[in-house]
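Structure first, commentary second.
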Amino acid sequence: MNEEKLLKELDNDPHKFGEIYEAFYKKIFGYVFRRTMDYDAAKDIAAETFLKAYTGIAKFKYRNISVLYWLYRIATNELNKYFNSRKYMPESLSRIYEEYGVDITDYSNAETERIMLEEDLEKHREFMRINVLIKKLDIKYQEVISLRFFEQKSIKEIAVILNKKEGTVKSLLSRGIDKLKGNITRTKK
Amino acid sequence: MKKDDVDKMLSGMDLPDPENIKHQQELKIPLLSFKKSSRAGLWLLVVPVVGAVTFLFKYVLGIYSTLIDGIRKFFDAIDSNQFLTFLIPVIFIVFPLTAMIINFLAFCHFTFIKEKKELLITIKYRPLNIAVFLFSFAILVFFLLPDNLSF
């Protein structure tokens, strides 16, 4: 996919956004699902991410940086809201629901899919155990650890996604792993 | 446990990968067209409502105005034109019927759970959709009465 060309075409045809959606939805949903370990929250956050990207794509300026990183940034911001509030309210989804009475994340096979993903999650007990410990860390450490180890992003890529300096990311990652090590050791005692 | 061990453990961890999700396609259409479809849902009712209100004012309440008379003449002109006469049933039957279906699906959901072989029917409390559904139904019934189809 030639993103630069596609972004130019989006000015005349907003439905070209469908190509971005097709290319990156699973990656973003996977990222959100691995962080939340909650199917319903993941589908809401992923939908909110793409709605915000769709309505704000004109603000995205291509500078040899993939749209995917921008999507990761939106998703990360939504995840922060999710973890920082007792009841997460996806703004765009809520607005659509209030204005049009439509819940666009109400999928016909949601129940089947939820069961399938929960069963898959059960097969990854070690991941679940570690993720619970990661969630006990400050959100700034959670972000870098999950992007580095669950999404296999480089320090440079994480810096772009989080809009931080590479040195800051390295430092956060190092301290985050230290703190996680402490959590793991405490649970083993 | 050393810091490097944690690094290695995280790097080599087997991760859940929701690669087989199917809802992606279901979300795509409403995501890219929710504004258009909602507007279309409203537009579907505008013309039949104008027709119904005109009828109500003129024949039921006996209120006369040049605007109401103008609208009535406009519909009469369509009805009497041999090329446009098909528009009357489209406007007063197909449009409300479509609006009814759209709004019905907005508050009534059907989910089939393969594992349990169950069909779940969920009715969500959405007053606006229910009101529009009932209103569309009333318009449809009104114009399906034999005497009213010919405006």
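The values are calculated or read from the model by the stated rules, or taken from the named source; none is laboratory data. In this text the structure is predicted, and so the values were computed from the model without any measurement. All Cβ positions, even for glycine, are placed from backbone atoms using ideal geometry, and neighbour counts span all protein chains on display. The protein model used for the area step is the full one, side chains on, heavy atoms only, and it has no ligands, DNA or RNA in it. Shrake-Rupley method; radii C 1.70, N 1.55, O 1.52, S 1.80 Å.
Values for this structure:
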quantity	calculated
Subset of the stretch B:117-128 (residues that are out of contact with any strand residue (DSSP E or B) (no Cβ under 9 Å at 6 or more places or on another chain) and facing another protein chain (nearest Cβ under 9 Å))	B:Arg126, B:Pro127, B:Leu128
Qualifying positions in the stretch B:48-80 - open to solvent by 70 Å² or more (accessible area, probe 1.4 Å), hydroxyl-bearing (Ser, Thr, Tyr) and outside any helix (DSSP H, G or I)	B:Tyr64
Sole exception among (1) over 15 Å from the mean Cα position of the chain (by Cα); (2) without any contact (Cβ under 8 Å) to a residue 40 or more places away in the chain for A:Glu3, by number	(2)
Yes/no for A:Ile57 being at pLDDT below 90, more than 10 Å from chain B (Cβ to nearest Cβ) and assigned to a helix (DSSP H, G or I)	yes
Candidates A:Glu122, A:Glu126, A:Glu113 - the one that is within 11 Å of chain B (Cβ to nearest Cβ) and touching a Phe, Trp or Tyr at 6+ places or on another chain (Cβ under 8 Å)	A:Glu113
Residue under evaluation B:Phe83, criteria (1) open to solvent by 80 Å² or more (accessible area, probe 1.4 Å); (2) within 14 Å of chain A (Cβ to nearest Cβ), criterion not met	(2)
All positions within the stretch A:7-22 that are assigned to a helix (DSSP H, G or I) and surrounded by fewer than 17 Cβ atoms within 10 Å (Cβ to Cβ)	A:Lys8, A:Glu9, A:Pro14, A:His15, A:Gly18, A:Glu19, A:Glu22
Residue in the stretch A:23-41 that is at pLDDT below 90, facing another protein chain (nearest Cβ under 10 Å) and buried (at least 22 other Cβ atoms within 10 Å of the Cβ) present	no
Boolean, B:Asp17 is assigned to a helix (DSSP H, G or I) and either away from every other protein chain (no Cβ under 14 Å) or at pLDDT 80 or above (or both)	no
